[in-house]
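The block underneath contains the structure these notes are about, expressed in structure tokens.
Each reported figure results from applying straightforward, stated rules to the coordinates on display, with no laboratory input. Every value quoted in this text rests on a predicted model; they were computed, and no experiment measured them. Here the Cβ is made from the backbone with ideal geometry for all residues, glycine too, and neighbour counts use every protein chain on show.
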Amino acid sequence: MVNRLMRVTAHTTLDLADAVVTGHDFEDERDAVVDATAARRQPDHVKLQLELDNMSETHLPAHMEEVRLTPEQARALAADLEKHAGRVEAAADSGSSSEADSSSTSTAGSSSESTSE
């Protein structure tokens, strides 16, 4: 990403993630950088930063988002991420076993998707 506002180093949490930018009259998929960090000396909050690739973005100027979290908020977010990661993994596991089951039978089966919260 050219014109990047965030510093990306070996310590960056996710140097390449899939993201979607959504507005009232547009939605576009982009690459993104996501980082969780805190000040090295006397940290008073956890920073969660997000920057989308703006190379071909026509709706938004180059920018990044930063959320400042208390330790409790950071832990609550981490717990929610863990919970939903488990749900996605479980769905992927059941989906791969369902595909194997349906490919071994001659009748067409219906698939179900989990809903997001």
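Where does the charge balance sit around Val8 when Lys and Arg score +1, Asp and Glu -1, over other residues with C-beta under 14 Å from its C-beta?
Working: positive: Arg4, Arg7; negative: Asp15, Asp31, Asp35, Glu51, Asp53.
Net local charge, Val8 excluded: -3.
Taking a temperature of 37 °C and a viscosity of 0.692 mPa s, what whole-number D in µm²/s does Stokes-Einstein yield for region 14-69 with Rh from Kirkwood over alpha carbon pairs?
Numbers: Rh = 12.5 Å.
Estimated diffusion coefficient is 262 µm²/s.
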